[in-house]
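Accompanying notes for the structure given below.
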Amino acid sequence: MNYQQTLDYLYTQLPMFTREDRKTFKKDLTNTLALCAILDNPQQRFKSVHVGGTNGKGSTSHMLAAILQVAGYKTGLYTSPHLRDFRERIRINGQMISEQTVVDFVTANRKNFEDIQPSFFEMTVALAFDVFAKERVDIAVVEVGLGGRLDSTNVIMPILSVITNIGWDHMNMLGNTLELIAGEKAGIIKPGIPVVIGEHQPDVAHVFTKKAEKEGSGICFASDVKSKVESRKSKADGLLDVSVTADSELHTVDFQLDLTGTYQLKNVRTVLTAVDELRKQGFNITDEHIATALRQVKTLTGLHGRWETLLTQPLTICDTGHNPDGVEEVMKNIAAVNYEHLHFVIGMVNDKDTSKVLSMLPKDATYYFCKPNIPRGLSAEILQEQAAVFNLRGRSYPSVQAAYDAARKAAGDNDLVFIGGSTFVVAEVV
């Protein structure tokens with residue numbers, strides 16, 4: 001098989017939750033463990049940092065990987081989903097693995113796939129761990145795909161676990177209360193392994209402290225660290241200027257961040273707390289390494305879709321925030337932009353509670369409803385009907401690109417075009 005045939009095989013022959021529905025979600029680690037056993041347990045042959053949470057885990061993973069890379073460590077990075085190219089999921093020092101690597105892995109293990117019947121995600125995790133072990137990375141940053149306790153990545157024994165926050169997402173699989181969701185996320189806390197929690201949320205903090213106590217793991221809430229993190233948008237180069245002041249030492253360190261959404265301040269605090277823990281474990285990471293990395297996270301790691309400017313006239317921005325907490329942050333950033341009229345290109349998937357998100361959107365915008373090109377995509381016409389309940393007005397379009405083209409054509413030079421609602425919508429425009 002060539003590369004395209006290999007991808008076709010993966011997408012059509014193996015179940016893939018992100019394209020289909022909850023029936024492909026397996027509450028079990030058996031398949032991943034079986035695949036890893038056949039591959040001589042590659043997950044045991046490299047150090048790792050495990051990153052979970054509802055929002056911000058992707059940005060946090062990419063920032064940590066960039067810092068480790070700049071500090072001189074050969075760094076693996078596993079994330080999901082991809083936006084344009086399957087190989088975005090697996091990188092070493094920011095470089096995607098080769099197409100031939102994917103082909104060779106599938107070819108060599110096709111019989112194993114047929115015997116074990118793993119999901120798309122289970123196969124991809126096994127591929128990533130196999131690559132990281134063979135390439136002898138110094139450390140890999142591994143992002144949780146869904147949940148934590150039963151996520152396929154949870155076969156690793158990391159040197160540090162990181163959980164950014166807890167919010168409403170994937171309730172049909174993780175639970176319909178924040179406590180239940182937190183319990184699933186807390187499943188990545190391992191015996192004796194320290195854990196950094198990004199946000200101290202009163203409703204769920206006890207879930208993490210109880211789990212950490214049970215496992216004998218040191219726990220730190222990044223938001224409780226006595227430091228002040230502030231930002232302002234740099235007019236000179238468009239970067240986000242970040243100042244971090246440690247109250248106890250009256251010491252201020254200034255960074256510039258190329259991820260310019262103001263919600264990244266929470267992620268920066270989490271990342272810096274994680275770096276402090278890695279330093280305690282012997283990693284040589286200086287403030288200069290951090291500053292260099294944060295200034296070029298997108299260049300170093302290939303991250304896209306986080307409050308990303310696509311055009312300047314009219315100003316066109318996309319963001320992958322898609323659950324209530326993520327959309328709340330997006331709305332804060334939109335409110336900080338000077339524009340005459342908002343043109344909102346929006347598409348969603350059919351297993352989300354659209355009402356919560358739609359209720360948060362501005363009523364004075366013009367909406368361009370579309371369906372992301374995946375089986376789980378919600379019909380543009382249905383989305384338009386649901387939006388009308390919240391007095392959101394606009395037209396439906398046959399594709400994301402058609403909606404985007406219509407918004408750009410209608411927008412004036414001083415207007416704002418925003419594209420979002422789903423990661424899969426953003427994937428079609430970046």
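Express the relative contact order of the chain as a whole percentage, based on alpha carbon pairs under 8 Å and six or more residues apart in sequence. Write down the numbers at each step before the final one.
Values: 865 pairs, mean separation 66.8, N = 430.
RCO, the chain: 16 percent.
Leaving ligands, DNA and RNA out of it, report the carbon-plus-sulfur percent of the accessible area of segment 258-299 at a 1.4 Å probe.
On the way: 780 of 1740 Å².
Exposed carbon and sulfur together represent 45 percent of the surface.
Output ³J(HN,Hα) for segment 140-157: one whole-Hz value per residue in order, computed from phi by the Karplus curve 6.51 cos²θ - 1.76 cosθ + 1.60 with θ = phi - 60°, and x for Gly and Pro.
In residue order, the calculated couplings are 10, 9, 10, 8, 5, x, 8, x, x, 3, 10, 6, 4, 6, 7, 8, 7, 10 Hz.
Thr177 accessible area, nearest 10 Å², 1.4 Å probe?
So the heavy atoms of Thr177 present about 60 Å² to solvent.
Can you give the accessible area of Leu33, probe radius 1.4 Å, in Å² rounded to 10?
90 Å²
Please report the carbon-and-sulfur percent of the accessible area for segment 91-139; probe 1.4 Å, protein heavy atoms only, DNA, RNA and ligands left out.
Working: 860 of 2090 Å².
On segment 91-139, the fraction of accessible area on carbon and sulfur atoms equals 41 percent.
On the accessible surface of segment 308-430, probed at 1.4 Å, how many percent belong to carbon and sulfur atoms?
Here carbon and sulfur together make up 48 percent of the probe-accessible area.
Taking Cα centroids, how far is segment 385-430 from segment 281-299 in Å?
Computed from Cα coordinates, the inter-centre distance equals 36 Å.
Counting Lys and Arg as +1 and Asp and Glu as -1, each charge on the Cβ, what is the dipole of the chain about the Cα centre in debye, to the nearest 20?
Numbers: 45 positive and 51 negative charges, 74 e Å.
I would put it at about 360 debye.
Rounded, prolate or oblate: which fits segment 235-344 when a ≥ b ≥ c are the square roots of the eigenvalues of the alpha-carbon gyration tensor, with rounded for a/c under 1.5 and prolate only if a/b beats b/c?
Working: a/c = 2.03, a/b = 1.98, b/c = 1.03.
Taking the square roots of the gyration eigenvalues as a ≥ b ≥ c, segment 235-344 is prolate.
Quickly work out the Asp364-to-Met1 label distance, labels modelled 7 Å from Cα along the C-beta direction, and quote it in nm with one decimal.
Label-label distance for Met1 and Asp364, simple model: 5.3 nm.
Counting only heavy atoms of the protein chains, get the accessible area per residue of segment 308-430 (1.4 Å probe) and round it to a whole Å² value.
Working: 5150 Å² over 123 residues.
Solvent-accessible surface per residue comes out at 42 Å².
If you rank Glu99, Glu308, Glu199 by how much accessible surface each has, with a 1.4 Å probe, what is the order from largest down? Mind showing how you got there, number by number?
Values: Glu99 85, Glu308 25, Glu199 45 Å².
Largest accessible area first, the list is Glu99, Glu199, Glu308.
Under the classification rounded if a/c is under 1.5, otherwise prolate if a/b is larger than b/c and oblate if not, where does segment 313-430 fall, given a ≥ b ≥ c as square roots of the Cα gyration tensor eigenvalues? The partial results should precede the final answer.
Details: a/c = 1.43, a/b = 1.24, b/c = 1.16.
Since a/c stays below 1.5, the shape of segment 313-430 is classed as rounded.
If you take the charge dipole of the chain about its Cα centre, with +1 on Lys and Arg Cβ and -1 on Asp and Glu Cβ, which of Thr252, Pro362, Gly183 is farthest toward its positive end?
Gly183
Could you give me the ³J(HN,Hα) list for segment 390-405, computed from phi with Karplus coefficients 6.51, -1.76, 1.60 and θ = phi - 60°, whole Hz, x at Gly and Pro?
Going residue by residue, I get 9, 6, 9, 10, x, 10, 9, 10, x, 7, 4, 5, 5, 5, 4, 4 Hz, with x marking Gly and Pro.
Percent antiparallel among DSSP beta bridges with both residues in the chain, to the nearest 5? Walk me through the numbers before you get to the answer.
On the way: 24 of 59 bridges.
For the chain, the DSSP antiparallel bridge percentage is about 40.
Rounded to the nearest 10 Å², what accessible area does Asp254 have for a 1.4 Å probe in the complete protein model?
So the heavy atoms of Asp254 present about 100 Å² to solvent.
Report for segment 316-430 the percent antiparallel among DSSP-assigned beta bridges with both residues inside it, nearest 5.
Expressed as a percentage, antiparallel bridges in segment 316-430 total about 5.
For the pair Asp351 and Asp203, how long in nm is the line joining their label points, each one 7 Å along Cα→Cβ?
Inter-label distance under the simple model: 2.2 nm.
Please calculate how many Å² of accessible area segment 28-158 carries per residue, with a 1.4 Å probe and no DNA, RNA or ligand atoms counted. Write out the running numbers ahead of the final one.
On the way: 4370 Å² over 131 residues.
Using a 1.4 Å probe on heavy atoms only, each residue of segment 28-158 averages 33 Å².
How would Lys74, Lys409, Lys111, Lys280 rank on accessible area, largest to smallest, probe 1.4 Å?
Working: Lys74 65, Lys409 185, Lys111 125, Lys280 160 Å².
So, going from the largest accessible area down, we get Lys409, Lys280, Lys111, Lys74.
The values are calculated or read from the model by the stated rules, or taken from the named source; none is laboratory data. Here the structure is a predicted model, which is why all the values come from computation and not from measurement. For neighbour counting, all protein chains shown are included, and Cβ atoms are generated from backbone atoms with ideal geometry for every residue, glycine included. Side chains are part of the model used for accessible areas, which takes the heavy atoms of the whole protein and leaves out ligands, DNA and RNA. Shrake-Rupley method; radii C 1.70, N 1.55, O 1.52, S 1.80 Å.
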